[in-house]
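Enquirer: Quick one: this structure, given as C-alpha cells, is what I'll be asking you about.
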Amino acid sequence: MNLSRMKGGIAVVAAVLALGACDELLTVADPGRYTAADLDEALPAVANGVEGAVHEIFDSWVTDQALLADVYQHTGTWSGYDDPDHGRTNYNNNATRFEQDSWLRAQWFAADAERRFKEVLGDAEAASSPLTAQVRLGGGLATMLLGMTACESVGTPTGELMTDMQMLALAEQRLGDALTTSQSAGRPEYAMAAQAARAQTRMLQGDWSGAVADASAIPAGFVYHAVFNVQSTNSVVQLTTKNNNEAAGLMYKWWPMIEKSDEPGFMRDPLSGMPDKRIPVYFDGEIATDNETPHYSQWKYVQDTDDIPMLHSDGMRLIVAEAMARNGDFAGATGVLNELRAAVGLPGHDVPTDPETMASIVLWERFAEHFMEGQRLVDLHRGGLMRQVFDELNDPDRLGAGRPTKWPMTNQEALYNPNMNDDLTQRCLPTA
Amino acid sequence: MNFRYHPTQGARPLSLLAVVAAMGFLLPAQVAAQNGSVTGQVTAATTGQPINGAQVTIMDSSLGVLSNISGRFLVNNVPAGTHTVQVVYVGYGTATQEVVVPPGGAATADFALEVSAVAMDELIVTGTAGAVERRKLGTSAASLNVTDVAEVTPLSDFSQTLEGRIPGVRSIGTVGGVGAGRELRIRGTDSFSLSQRPVIYIDGVRVDSRQREWGSGVPGTGFSTTCCAFSGGAGEDRLSDLNPDEIDRVEVLKGPAASTLYGSEASGGVIQIFTKRGRSNSPANFALTVNAGFNRHRENFPTSLRSNFQGPDGTYAWDPNETLIENGLINSYDLTVDGGGEAVTYFVSGGFSFEEGSVKPNDQKRANLRVNLNWTAGENLTIAVNSGYVRNRIYSLQSGNNWLGIYTNALLTNPLNATAEEPYGGGLDVNVADAQAINTYSDADRWTGGVTLNYNPSPDFTHRATIGLDAVNDQKTRYMPFGRNYTYIGRQGERNIGYRNARQFTAEYVGNLNYTLPDWAGGLAGNLAFGSQGYWDITSFSMSTGRGFAGEGVTTVSGAALTLGAEAFEEDVNLGAFLQNRFDFNNLFITAAVRMDGNSAFGENYGFQVYPKADVAYNLSDDMLPGLISSAKVRGAVGMAGKAPGAFDQFQTYVPNTVLDDLAGVRPNNPGNDVIEPEVKIEYEGGLELGLWNDRIGVDATYWHATTQNALLGIPLPPSEGFSSSKRQNAGSILNKGIEVAMNTTVLDRSSFRWSTGVNFEWIHNEILDLGDASFPDSLPVYGADGSLLRWDQYMRLGGYWVGLPIFERTTRVITGWDPATRRHSRSAYNTYVGNEQPSTLASFSNDFAIGQSLRVAVQFRGEWGAIMSNSDRGYGVRQLAYDEYLELLASDGSATPASDSLLDRFRLVYPVDKRDHIRLQEVSINYALPEGLMSAIGLGRSSITLAGYNLHWWDDCHCPDPNQQYRGGDDFSTSPFLGIPQPRRFLVSFRTRF
C-alpha cells in the first residue's frame, strides 16, 4: 500500500473518531417548551394551567349538551353536530370525548401540581397556599363536570371505573377540600366557587339539605365564569352563532317564541309573552350554512372572548327553589323563582297547586336562567324527561325512545386505562 | 500540490473534521509531459443526427467530456499512446474505439451509435459512493435524462418531470392551484407519521422539499390562523421552486436496498438532481426557451344544472363551470449559456415564469438564476461551485376545506338561494367575490449552493468532498379587507403574516480506492469506499395576526385592533460515517456496506444506529444466453435505512398557554421518550434486466419487499395520566412489497420514421403487520350489498390503525336499510372496512414518434387502480343541496321529491365511497424542428416549436371532478378529496432555439 492509501485509511479512522466525539453536536433543545424542572420556578403558571384546563373546553361542552338536549339543532355541514342532534351517540361517536379527556387530564395535573407545591414550598406553606386552593378548585370542578357529563369515569390516574354518582361524591369531597384551603389561604373567590360547585354536586346526588346549605351561603351577584381570551376563544360563538359558522342554531321547537327582526332580541316568556332577557336570541331570516335551515342564533355570547357562567348566585337560588318545591313548599319555591323573574322585568307565576305544574315551572325557569350554560341536558336526565320532551316533538328524526340522556365515557380512557375492560360495549349509556 | 480547506462561515464543523483530516493527507501528483488530444463527433447511426450530451471517456483515466450540441467533443491532456475511447448515451448502445494519440497531436474518433433499450454502461452516482456502471449495481437505481425529455416535452415543474416516468415513483398533481403541493412518494407508505417524501439532493446538497410548510398555524404552538392555513390546506410546494430547465438528469433510489449510505433519512428513498454544467473546450452555447399557453379546468364541476334554478329575487343561479373557470395564462422565458475553456467550464441560466391558475386569483411568478462553475485546478483536482437562487412568489388560491375557499363557496351553494348579490347562492356564508378579494401570498427567497472538490491523485484513488447550504426564507401573508364579510371575523378585516426560515447545511466526504488483491489472495479486483456525511437543519417559524381595522387604507398587522403572535423552532443534526467494499469477479459484482448514524432526535439514552447493506449483480455472458436474449443481468440486494423521529419527540415537555384573563399558564403536553429510536426499514429486492433482440427491447423487472420496523406510533395515554400528546414509541411494523416492470423498445427505427414506446407497471401492497403491545383486539363488521351483516372480522387495533389492513384503510359506516314508511335510511352502528385509499396498481404507457427529420410526437397515458375514496365532496355537495346529483331529482319548480329526499337522507347519514380508478391522457407533445437553413439565416441554430398539452382528459367512475383530487395537496397522510380543487388541463406552445 502506498503512502496515499495509508493516509486515506487514517482519514477514515479520523472521521470515525470525530463522529464519536460529536455527542455535544447532537444535543438540541426546544426553546418553546418547559421541562418538568422548569415548572418548579413557575408555580403560578402551573396553578393557572390547572384552572384554565377546566375552562378552555367548557364552551364545547355547552354546545354538545345543547345538541343532545332540546336546545340546539344542527344547521351546518358537520356530522359531529348532526349525530348528537339526532340522538346518535355511542362509544365510537361521542361528542364530549374531548371535554372528558381534558377534564381527566386536569384532575391529574391538579394532583401533580399539589405534589409539586409541597416539594417546592414545603408541606406547611403549601397547605395554606392560594396556589393549592386554586388547583384544588380546578381539580374539584373537573371531577364534578365529569360526573355531570358521563355515566361513568375515573377519579385518579388509570384509576378504577367509577359511576357518575361516585364521581360526584368524589367531587364533593375535593370541592370541600378546596373550600377549606381557599378559606385558610384568604381567597374568598375560590371559596365561593368551591362552595357553589359543591352545592351543585350535592343537588345532583339528591342531598338537598346539603345543597341548600351551600347554595344559601353564596351571596347575590356571585358568578364564576369559564373564562375565554383571544388565544382560547369561545367556540359557542365561533361555531354556532350568527355571523360566524352557524353550524348549530336554536331548535325548531323554540322558533315560534322568537320574532324575526333586524336587531337582536329575546325569546318570549311563555307565561307572559314578554321578551325574556335571560334568553337573548337573534333571527333575521338568514339561512344557515346547510343552505336550508333558518338560523335562529343564541345571542348570549356575541364576542368570541365572551365568558360563560359556570356557577352563579341565581343558579344557587334555583337550587333553593327546587329543594322547596320537592319538600312541597310551592309558595316558597314560587316566591324565589318570581324574584328571579322580577329581576328581568317578568311577572311572577301563580303558586301552583300540583307537583307537576310546579316541576314544569322549575324546569322552565332553569332553562331560562341557565340558557346556554350546559345545564338543560343535566335537568332532562335527572328528571327522566328526555323521552317525554322528544316524544312531544313527534319528529321521526329525533325519537324520544332510546335517545341517550348522558354521554358514554371517553373511549380513550376506556381503551388505554389498564384497569378497564377494552370492550367498549360494556360501558354504560343511559337512554330514554 | 497541497491545498487548504476553509469551512463556510457559520457552518458547524460536523464531519468537516473528517474532510479536513482526509484532505490534508493528499499528495500532489506528477504532471505528465507529452500529452495530446482526442476529438470527434457522436451521431445517431440511423438518422445521422448529432447527439448532444453523450459521455465520452478515455478509459483507464479520469478524462472525459460531454459532446456538444453538434455532437462534437474534444478531450485534451490525453497522454500519448494507445487508448480506448468509450461513448455512452442513454437510449443508444455503448461504443468504443481504440485511438493512438501522438505526442502533442490529436487523434480522431467518430461514433455512430445504434439504438439500444439497455444501458448497462450508464454511470450511476447516487447511493454508490462513487460513479458506478449500471452493470455493477445490485439495486434498481433509476435515472432520468431530463434534458432529453425537455427536448420534446416542455417542462415547467420538477414533480411533473417525474410523472409516470419511473416505476415505483408516484408523482401526481392533486390540487389545482399553481405552486400548490403535489404528491411525491416512492414505493408506498412506510411510516405512520413521518414524512413520506424522499430526501432530495441537488448536486450533493440536501434541500428543503416540503410539500406543506405549515398547516393551521405555527407548528406545536396551538396558534392558528382563521382557518386551515393561509390558503386552505394545500400549501405551497417547495419543489415548485425548481426550474426544470436547469436540470440535466435525475437519479432515484427507491428504498433502503439502494439508499443505505444515506442513513437516517433515506428509508423513503432518495432523489438526486444534477443540474447542467458547461463543457470544456466549447464556445459559448446559448439556448433560449419561450413558453406560452394557458391552464384551464375541465368543465366537469358537478354543478351544470345550477343555471336552471332561480333564487327568490328571480336571479338564475350561476354555474361555476361557466363563471369560475377561466384561462390562466402561462408565460416563461429561460436563457442559458454554457461553455468553457481548458480549465474552467460554466453554465449560467436565468429564467422567469408567470403562470395563472384557472380559478382566480391565483398565480405564480418565479425567477431563477443559476451559475455552475467547474475549475480544473490541477491535473488531479477539480472544484465545482454550484449556486442557484430563486424568487418564487405565489398568489395562493383560497381553496380546500376552508370557509374562505373560492371553489368551496361557489360550489356548495343552493341555487334556490341565488340572488343578485350572491348569484352562486350564498355558499358557506362567504360571498365568492369576497373570497376572491383576499390577498394570499407565499413569497420565497431561496439560495441553494455548494462546493465540491474532486481530488484524484490517481484514477484508482479518488476523493470527493462537498459542503452546501439550502436556505429558504418564505413569507406568507394574507389580507382580508375591511368591509367584506368573512364569517366569524365579520367585516372588520384581518391580516396574517408568517415567516419560515429554513437552513439545511450538508457536508460530505467520500473516498474511493480501486485495488487489485495480490495473486496469493486471488488477484481479485475491487473498490473500497469510505466517508462521512452530516446535515444540520434549523427551521424557525413566526406568525402574527392583526384583526380589526378601523376602516380601509391600513393593511398592516400593527394597524389592527387586536394583534397576536407566535413562534416556533426546530433543529435536527445528523452525523454519519460509512464504509463500503465491492468485489469484481469478472461478471459478478458483490458489494457490502455499513453506515453508522447519530442524530439529535434519537433518545438521549439510545446511542447510534447502524445500517448494513449488501448487493450482488451478475451479468450473464453471451454464451449463457439464448439467441433471443442479447444481454441479461440478475441482481439482488438487501439493505437497511432509517428515518429519524421528530426533532423534539424525545423530550417530556409542558406547553405554555394563555388561560383565564390572559394569564400565563402551562399544561402537560408531550410525555417524552428518552430511548426513542429511528424507524428502520429493511428492504430486499431481486431483479432482472434483459436486452432482447439485440438490445432493441429492454426489460427491467424488480420484486421488492420492505418491512419497516420500530415504526413510530403515537401510543395514546389514558387521559387520566395527564399528558395531551400520545407517547411516541417505536412499536409498529409495516409491510410494503411490490413488483415494478419497465419495458422500453424502439419498435421501428428508419431514417424517416422512428417509434419508441415504453410501458411502466407497478403493483404495490401495503399492510400493517404489528401495532405493538398497546394494541387491543377489536372487530370490524362486514356487510353485504343489501346492507345485511355478514360477519365480524377481528383485528388488533391501535387508534385508527388495524393490523392486517393498509395504512390508508378507510373505515366508515354504511347504509344498512331503507324504511319506506318513514322514508329514512338506517346505517350501521359501526364502521366497516371499505378499501384502501392508495392505489395498488399504477401504469404508464409512453410513445415517441419521430417522423422525418423534423417532427416528433410524444404521447403518455397513465393509470391507477385499486384506490377508493370516501367521497366527502359528493356527500357534502348533496347535503348542501348543491350538486347535480341532487338537483336532477328535484321537481321542475325546484321542490323536493321523494327521490331527492331519499338521497339527502342517505348522504346525511354516510359519505359515499367511490373508486379512484382511472386512465389519464397525461401528455401530448408535437415537436417540430424548424429548418436549419432558415434558422441560420437569421443567426439561430437548432430551433423547434412544440405544441403540448398536459392532463388533457381522464376516464373514471369516481363521481368527482378528478380522482386524484386531494384537498391537502401532497400531504403524507391525508388523501381526502374534500373540496380540493382539481388539477387544470394545461396547454403550451414552446419555442426553443440555440445560438
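Enquirer: Select the helices (runs of 4 or more DSSP H) contained entirely in the range A:360-421, then report the ones holding at least 3 residues which are closer than 15 Å to A:Leu146 by Cα, touching a residue at least 40 places away in the same chain (Cβ under 8 Å) and more than 14 Å from chain B (Cβ to nearest Cβ). Before you say what the answer is, go through the steps one by one.
Expert: Working: elements: A:375-382, A:386-391, A:411-416.
Helices (runs of 4 or more DSSP H) meeting the threshold: A:375-382.
Enquirer: Ok, one more. Among the strands (runs of 3 or more DSSP E) lying completely within the range B:894-995, list those that include at least 3 residues that are in the same structural domain as B:Arg187 (by TED's automatic domain parsing) and buried (at least 16 other Cβ atoms within 10 Å of the Cβ).
Expert: Values: elements: B:913-915, B:918-929, B:943-956, B:985-994.
Correct list: B:918-929, B:943-956, B:985-994.
Enquirer: Pick from A:Glu373, A:Glu392, A:Glu369: which is surrounded by fewer than 15 Cβ atoms within 10 Å (Cβ to Cβ) and either charged (D, E, K, R) or in the same structural domain as A:Ala226 (by TED's automatic domain parsing) (or both)?
Expert: On the way: A:Glu373 fails: surrounded by fewer than 15 Cβ atoms within 10 Å (Cβ to Cβ); A:Glu369 fails: surrounded by fewer than 15 Cβ atoms within 10 Å (Cβ to Cβ).
Only one candidate qualifies: A:Glu392.
Enquirer: Follow-up. Somewhere in the range B:837-854, is a residue modelled with pLDDT of 95 or more, under 29 Å from B:Asp786 (Cβ atoms), buried (at least 20 other Cβ atoms within 10 Å of the Cβ) and among the hydrophobic types (A, V, I, L, M, F, W, C)?
Expert: No.
Enquirer: I've got another one for you. Would you kindly identify the helices (runs of 4 or more DSSP H) lying entirely within the range A:32-118 that contain at least 1 residues that are in contact with a Pro (Cβ under 8 Å, 6 or more places away or on another chain) and closer than 25 Å to B:Phe648 by Cα?
Expert: A:43-55
Enquirer: Is there any pair linking a residue in the range B:823-850 that is within 14 Å of chain A (Cβ to nearest Cβ) and over 22 Å from B:Gln966 (Cα atoms) to one that is part of a loop (DSSP other than H, G, I, E, B) and among the charged types (D, E, K, R), with Cβ under 7 Å and at least six apart or on different chains, and which?
Expert: B:Arg827/B:Arg813; B:Ser828/B:Arg813; B:Asn831/B:Arg813
Enquirer: Just name the residue that is farthest from the other protein chains (Cβ to nearest Cβ) out of those in the range A:278-305 that are farther than 28 Å from B:Phe907 by Cβ and among the acidic types (Asp, Glu).
Expert: Residue satisfying both the conditions and the ranking: A:Asp284.
Enquirer: Hey, another quick one. Considering only residues that are more than 16 Å from B:Ala444 (Cβ to Cβ) and touching a Gly at 6+ places or on another chain (Cβ under 7 Å), which ones fall in the range B:373-390?
Expert: B:Asn374, B:Asn386, B:Ser387
Enquirer: Could you list all residues from the range A:146-175 that are under 17 Å from the mean Cα position of the chain (by Cα), of a type outside the set (S, T, N, Q) and not in a helix (DSSP H, G or I)?
Expert: Correct list: A:Ala150, A:Cys151, A:Glu152, A:Val154, A:Gly155.
Enquirer: Another one. Tell me which of these A:Val230 doesn't satisfy, since it passes every other one: (1) modelled with pLDDT under 95; (2) assigned to a strand (DSSP E or B); (3) aliphatic (A, V, I, L, M).
Expert: It fails just one condition, (2).
Enquirer: Which of the residues belonging to the range B:641-664 are at the interface with another protein chain (Cβ under 7 Å from one of its Cβ atoms), over 12 Å from A:Gln231 (Cα atoms) and not hydroxyl-bearing (Ser, Thr, Tyr)?
Expert: B:Ala647, B:Phe648, B:Phe651, B:Gln652, B:Val655
Enquirer: Just need a number here: residues in the range A:411-432 that are charged (D, E, K, R) and under 27 Å from A:Val389 (Cα atoms).
Expert: 1
Enquirer: Check the range B:73-91 and report whether any residue there is buried (at least 22 other Cβ atoms within 10 Å of the Cβ), part of a strand (DSSP E or B) and hydroxyl-bearing (Ser, Thr, Tyr).
Expert: no
Enquirer: Then there's this: Pick from the range B:524-573 the residues that are more than 18 Å from B:Arg500 (Cβ to Cβ) and at the interface with chain A (Cβ under 8 Å from one of its Cβ atoms): which of them is surrounded by the most Cβ atoms within 10 Å (Cβ to Cβ)?
Expert: Result: B:Ser532.
Enquirer: Another question about this same structure. Please tell me if B:Glu421 is of a type in the set (Asp, Glu), within 14 Å of chain A (Cβ to nearest Cβ) and surrounded by fewer than 21 Cβ atoms within 10 Å (Cβ to Cβ).
Expert: In short, yes.
Enquirer: Scan the range B:586-640 residue by residue and report those that are more than 14 Å from every other protein chain (Cβ to nearest Cβ), under 30 Å from B:Gln650 (Cβ atoms) and hydrophobic (A, V, I, L, M, F, W, C).
Expert: Once the filter is applied, which keeps residues that are more than 14 Å from every other protein chain (Cβ to nearest Cβ), under 30 Å from B:Gln650 (Cβ atoms) and hydrophobic (A, V, I, L, M, F, W, C), the range B:586-640 yields B:Val638, B:Met640.
Enquirer: Then there's this: When the residues of the range A:422-432 are narrowed to those that are surrounded by fewer than 19 Cβ atoms within 10 Å (Cβ to Cβ) and more than 18 Å from A:Gly147 (Cα to Cα), which ends up farthest from the other protein chains (Cβ to nearest Cβ)?
Expert: Top of the filtered list is A:Gln426.
Enquirer: Now, a different point. Would a scan of the range B:759-772 turn up a residue that is farther than 30 Å from B:Val152 by Cα and either at pLDDT below 95 or not in a strand (DSSP E or B) (or both)? It would help to see each step written out before you state the result.
Expert: Start the filter on the range B:759-772 by keeping residues that are farther than 30 Å from B:Val152 by Cα, which leaves B:764-772.
Right, trim to either at pLDDT below 95 or not in a strand (DSSP E or B) (or both) and you get B:771-772.
Yes, because at least one residue in the range B:759-772 is farther than 30 Å from B:Val152 by Cα and either at pLDDT below 95 or not in a strand (DSSP E or B) (or both).
Enquirer: Same structure, new question: If you scan the range A:265-311, which residues turn out to be more than 30 Å from A:Ala199 (Cβ to Cβ) and hydroxyl-bearing (Ser, Thr, Tyr)?
Expert: Once the filter is applied, which keeps residues that are more than 30 Å from A:Ala199 (Cβ to Cβ) and hydroxyl-bearing (Ser, Thr, Tyr), the range A:265-311 yields A:Tyr282, A:Thr289, A:Thr293, A:Tyr296, A:Ser297.
Enquirer: Additional query: For B:Glu885, all conditions in the list (1) crowded, with 19+ Cβ neighbours inside 10 Å; (2) away from every other protein chain (no Cβ under 13 Å); (3) acidic (Asp, Glu); (4) part of a helix (DSSP H, G or I) hold save one; what is the number of the exception?
Expert: Just one mismatch for B:Glu885, condition (1).
Quick grid of which residues meet (1) at positive phi; (2) part of a loop (DSSP other than H, G, I, E, B):
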position: B:Arg810; (1), (2): no, no
position: B:His825; (1), (2): no, no
position: B:Gly835; (1), (2): yes, no
position: B:Pro839; (1), (2): no, yes
position: B:Leu842; (1), (2): no, no
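Enquirer: Is it the case that the range B:730-743 has a residue that's modelled with pLDDT under 95 and either of a type in the set (S, T, N, Q) or outside the structural domain of B:Gln196 (by TED's automatic domain parsing) (or both)?
Expert: No, the range B:730-743 contains no residue that is modelled with pLDDT under 95 and either of a type in the set (S, T, N, Q) or outside the structural domain of B:Gln196 (by TED's automatic domain parsing) (or both).
Enquirer: Among the listed residues A:Gln73, A:Gln65, which satisfies the condition of being crowded, with 22+ Cβ neighbours inside 10 Å, closer than 22 Å to A:Arg382 by Cβ and assigned by TED's automatic domain parsing to the domain that holds A:Val135?
Expert: Matching residue, one of A:Gln73, A:Gln65: A:Gln65.
Enquirer: I would also like to ask the following. Sort through A:Ala178, A:Ala213 and tell me the only one that's surrounded by 23 or more Cβ atoms within 10 Å (Cβ to Cβ), more than 14 Å from chain B (Cβ to nearest Cβ) and not in a loop (DSSP other than H, G, I, E, B).
Expert: After ruling out the rest, the residue left standing is A:Ala178.
Enquirer: Something else about it: Taking only the range B:184-195 into account, find how many residues are under 14 Å from the mean Cα position of the chain (by Cα) and either on the phi > 0 side of the Ramachandran plot or crowded, with 24+ Cβ neighbours inside 10 Å (or both).
Expert: 4
Enquirer: Turning to a different aspect of this structure: Scan the range B:736-757 for residues that are touching a Gly at 6+ places or on another chain (Cβ under 9 Å) and in a strand (DSSP E or B) and report the count.
Expert: Residues in the range B:736-757 being touching a Gly at 6+ places or on another chain (Cβ under 9 Å) and in a strand (DSSP E or B): 11 in total.
Enquirer: Quick check, is A:Pro188 surrounded by fewer than 24 Cβ atoms within 10 Å (Cβ to Cβ) and within 14 Å of another protein chain (Cβ to nearest Cβ)?
Expert: Here the answer is no, as A:Pro188 does not meet what is asked.
Enquirer: With the structure loaded, tell me whether B:Thr487 is hydroxyl-bearing (Ser, Thr, Tyr), within 14 Å of chain A (Cβ to nearest Cβ) and crowded, with 17+ Cβ neighbours inside 10 Å or whether it fails that test.
Expert: Spelling it out, B:Thr487 is indeed hydroxyl-bearing (Ser, Thr, Tyr), within 14 Å of chain A (Cβ to nearest Cβ) and crowded, with 17+ Cβ neighbours inside 10 Å.
The values are calculated or read from the model by the stated rules, or taken from the named source; none is laboratory data. The structure presented is a predicted model; accordingly, all values stated were derived computationally and were not measured. Because the Cβ atoms are built from the backbone with ideal geometry, glycine has one as well, and the counts that use them run over all protein chains shown.
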